[in-house]
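Enquirer: Handing you a structure now.
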Amino acid sequence: MKSKIKRILPLLLSAAVILALAGCAADGGTEAQETRVGTWRTAQTITPFYYEMFLDTEIEVLPFTNPGDQLTALLAGSLDMTGTTLVTAIMALAQDEPIVMVTSLCKKCSALVVGVDSGIYTEEDLRGKTIAYVPGTMHHLLLLSVLERAGMTADDVELIRIDFFDMGIALQQGTIDAFLSGEPFPSAAVLEGFGRILLYPYFEDELGTINAGMITTRDMIESNPELIQDLVNAHVRATQYLNENTETWIEAAAAFGTDIDIVRFSMDNILLSYDIDDVFISNTRNLAQKMYDLGMIPHVPDVEALFDLDFLRGLHN
């Protein structure tokens, strides 16, 4: 059965958005620049599209297809705030980029999927199997954690690099035995009958459920803290609104191009969030250490320096 998930405006969209934003930034102009926020068009990153409900000022929410492009646009001054994954944020922090995370965006969203006829029923059954992954992502690190807990390393399985959009097809065709990715792909595999969830890889003593957050720059915090406070306030209220109006959330997410039944099935594995507590920071610290151990970053950065929790506390009101 063909996947019901549609690929929405792939890499060309991100490139076009960045070029357009750069042109606007270079153009200048006499009018005040509209507030711009970046995110993805997915169920788990939908919150910024609802900021306008809780703001008195004009806002433009721009869709991207990967967190790297969002970071580039933010650092270029073309965005005031953007979503990004914790992995991308730590990479930027390790490179001394002046970014600050002011609120979380989503948690959970990942699953380890195996073929229905793969014969895999426990983590130990993964030994010798072929598993699809994307290097340098949160899902890659979660997969390594699963293997480690089962007494294995990457050498005990065959890892194949496959794009997230293509993992389901590869599993359906029998090219791979398993994959670990984010929603909605695990839910699609289950509903379309060729996949089975082996586990949701959330280990509180390691990475927990952390996934993505909203970042801005240190310059924005210093030059316009009132705007950042307004955006954080809007994020909190939009998160609460969507969590309280699940059907609205489901229908809006389905409008991005994913079958509504798949979106609805995935809801139990998606958590829209805004809080950043001690556990969140501790798990982020564990993530940075794992990234260093894998050679993804040159050193373990000061993770506490990534966060500014004053806006969540409302200290800039």
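Computed from the coordinates by the stated procedures, all read-outs in this text should not be read as laboratory data. Predicted, not measured: the structure shown is a model, and the values here were computed from it. Quick reminder, even Gly has a Cβ in these numbers, built from the backbone with ideal geometry, and neighbours come from all protein chains shown.
Enquirer: How do the peptides 307-314, 47-54, 220-227 rank, highest first, by the average count of neighbouring beta carbon atoms within 10 Å per residue? Walk me through the numbers on the way to the answer.
Expert: On the way: 307-314: 17.0, 47-54: 19.8, 220-227: 15.0.
The packing order, highest mean first, is 47-54, 307-314, 220-227.
Enquirer: How large, in Å, is the chain by the Kirkwood hydrodynamic radius built from its alpha-carbon pairs? Can you show the working numbers first?
Expert: Details: mean 1/r = 0.0496 Å⁻¹.
By the Kirkwood definition, the hydrodynamic radius is 20.2 Å.
Enquirer: What residue among 136, 213, 119 has the largest mean-square fluctuation in a Gaussian network model of the chain, using Cα springs under 10 Å?
Expert: Greatest mean-square fluctuation among the candidates belongs to 119.
Enquirer: While we're here: Evaluate E = 1/(1 + (r/R0)^6) for residue 261 and residue 223, where r is the Cβ-Cβ distance and R0 equals 51 Å; express this FRET efficiency to the nearest 0.05.
Expert: It comes out at approximately 0.65.
Enquirer: Please list 3J(HN,Hα) in residue order for the stretch 268-283, calculated via the Karplus relation 6.51 cos²θ - 1.76 cosθ + 1.60 where θ = phi - 60°; whole Hz, with x for glycine and proline.
Expert: Whole-Hz 3J(HN,Hα) from phi for the stretch 268-283: 5, 10, 10, 10, 6, 9, 9, 6, 10, 10, 4, 5, 4, 5, 4, 5.
Enquirer: Dipole of the chain (Lys/Arg Cβ +1, Asp/Glu Cβ -1, origin at the Cα centre): which of 118, 287, 101 lies farthest to the positive side?
Expert: Sorting the options by dipole projection puts first 118.
Enquirer: Report Rg(Cα)/(2.2 N^0.38 Å) for the stretch 110-199, keeping two decimals.
Expert: 0.94
Enquirer: Same structure again: Amide H neighbours of residue 111 under 5 Å, at least 5 residues apart or on other chains, H built in the peptide plane: list them.
Expert: 181
Enquirer: Still on this structure: Filter the GluC sites (Glu not before Pro) in the stretch 150-221 down to the DSSP loop ones having no more than 14 other Cβ atoms within 10 Å, then list what survives. Working shown, then result.
Expert: Numbers: sites: 158, 192, 204, 206; in loops: 192, 204, 206.
Passing sites in the stretch 150-221 are 204.
Enquirer: Let me know the charge dipole size of the stretch 110-199 about its Cα centre in debye, to the nearest 20, where only the beta-carbon of Lys, Arg (+1) and Asp, Glu (-1) is charged. Write out the running numbers ahead of the final one.
Expert: On the way: 5 positive and 13 negative charges, 17 e Å.
Computed charge dipole of the stretch 110-199: roughly 80 debye.
Enquirer: Using 10 Å bins from zero, what percent of all Cα-Cα pairs in the stretch 71-145 falls into each bin?
Expert: Once binned at 10 Å, the Cα pair distances of the stretch 71-145 give 14, 38, 24, 16, 8, 0.
Enquirer: Could you tell me which residue out of 151, 233, 78 lies farthest along the dipole of the chain toward its positive end? Charges go on the beta carbon: Lys and Arg +1, Asp and Glu -1, centred on the Cα centre.
Expert: Of the candidates, 151 comes out farthest on the positive side.
Enquirer: Once the principal axes of the Cα atoms of the stretch 56-114 are found, what is the range along each, listed largest first in whole angstroms?
Expert: Here the Cα extents, ordered largest to smallest, are 45, 31, 20 Å.
Enquirer: So how far apart, in nm, are the two label points at residue 277 and residue 246 if each is 7 Å from Cα heading toward Cβ?
Expert: Taking the two extended label points, one gets 2.1 nm.
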